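Presented below is the structure to which this report refers.
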Amino acid sequence: MKKVFWLAVLTSALACSAMAQGNRDTLAPKAVDRITREVRHELVMLPFYGVFDNLSYKVDPDGTVTLLGQVSRPTLKSDAENSVKRIEGVEKVVNNLEVLPTSPNDDRIRRDVYRAIYGNSTLAPYQLRAVPPIHIIVKNGHVALEGVVSRAMDKQIAGMQANGVSGVFSVDNNLQVEEGGDNDAKK
């Protein structure tokens, strides 16, 4: 009789726990905003995160954080996941970061595109920021520019500089222009 009673109590407790979990499917908007800010902070503070990496993320209302983008070092992929897992309220981390293939040619292109972009007098001030906003992603000779610039002209210059590097097969200029930062284009 006692075994049946305790089994019933245990089953009831598990059912209540499952129902409580079902009710916690979504976090409050403030909690999602807090997690979003903390994820950004954790990613930006990673010691090996640099201009040749593109880290982005998505926070779902159920506490799932999806990591997106490309990294040039495999350790950065695992470091990003581990740092995000520790954030209070994060229930699950889906790590969709792509580790870029190692290639001496891609490494040379990375260096040359970096010099072409950040060596340009118009774009050089972007290099002085704590996290340079123009990220250079190179995969098999193909370059993608990711990040944010102040003006449409800066986006165009960055694309032209990258296109001028020897050995580059193509350039996808995905740079975004800050809102309100492009008075030239509005005229």
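General observations
- Checking each residue in the range 44-63 for being closer than 20 Å to ALA144 by Cα and open to solvent by 40 Å² or more (accessible area, probe 1.4 Å) picks out VAL44, PHE48, TYR49, PHE52, SER56, TYR57.
- Just one of (1) surrounded by fewer than 17 Cβ atoms within 10 Å (Cβ to Cβ); (2) in contact with a helix residue (DSSP H, G or I) (Cβ under 6 Å, 6 or more places away or on another chain); (3) outside any loop (DSSP other than H, G, I, E, B) fails for THR66. It is (2).
- A Cβ distance below 7 Å, combined with a sequence gap of six or more or placement on separate chains, defines the contacts here; from the range 48-66, residues that are at positive phi reach residues that are in a loop (DSSP other than H, G, I, E, B) in the pairs GLY63/LEU27; GLY63/GLY89; GLY63/VAL90; GLY63/GLU91.
- The sole residue among VAL84, VAL93 that is hydrophobic (A, V, I, L, M, F, W, C), modelled with pLDDT of 95 or more and touching a Lys or Arg at 6+ places or on another chain (Cβ under 7 Å) is VAL93.
A quick yes/no check of all residues on (1) open to solvent by 30 Å² or more (accessible area, probe 1.4 Å); (2) over 18 Å from ASP60 (Cα atoms); (3) touching a Gly at 6+ places or on another chain (Cβ under 6 Å):
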position: SER83; (1), (2), (3): no, no, no
position: GLY89; (1), (2), (3): no, no, yes
position: ASN96; (1), (2), (3): yes, no, no
position: PRO101; (1), (2), (3): yes, yes, no
position: ARG115; (1), (2), (3): yes, yes, no
position: PRO125; (1), (2), (3): yes, yes, no
position: VAL131; (1), (2), (3): yes, yes, no
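- When the residues of the range 81-96 are filtered to those that are touching a helix residue (DSSP H, G or I) at 6+ places or on another chain (Cβ under 6 Å) and in a helix (DSSP H, G or I), the one that is farthest from ASP33 (Cα to Cα) is SER83.
- Of the residues examined, LEU123 is not one that is of a type outside the set (Val, Ile, Thr), touching a residue at least 40 places away in the same chain (Cβ under 8 Å) and in contact with a strand residue (DSSP E or B) (Cβ under 8 Å, 6 or more places away or on another chain).
- Residue satisfying condition, being closer than 25 Å to ASP79 by Cβ, not in a helix (DSSP H, G or I) and not aliphatic (A, V, I, L, M), within set GLU179, GLU146: GLU146
- Test: residue in the range 69-77 that is of a type in the set (Ser, Thr, Tyr), under 16 Å from LEU43 (Cβ atoms) and in a loop (DSSP other than H, G, I, E, B): yes
- First in the range 89-114 and closer than 26 Å to GLY164 by Cβ, second anywhere and open to solvent by 50 Å² or more (accessible area, probe 1.4 Å), Cβ under 6 Å, 6 or more apart: LEU100/LYS139; ARG110/PHE52
- Among the residues of the range 140-176, those that are open to solvent by less than 50 Å² (accessible area, probe 1.4 Å) and among the hydrophobic types (A, V, I, L, M, F, W, C) comprise VAL143, ALA144, LEU145, VAL149, ALA152, ILE157, ALA158, ALA162, VAL165, VAL168, VAL171, LEU175.
The values are calculated or read from the model by the stated rules, or taken from the named source; none is laboratory data. Keep in mind that what you see is a predicted model, and the values were worked out from it rather than measured. All Cβ positions, glycine included, derive from the backbone under ideal geometry; neighbour counts span all protein chains shown. Side chains are part of the model used for accessible areas, which takes the heavy atoms of the whole protein and leaves out ligands, DNA and RNA. Shrake-Rupley method; radii C 1.70, N 1.55, O 1.52, S 1.80 Å.
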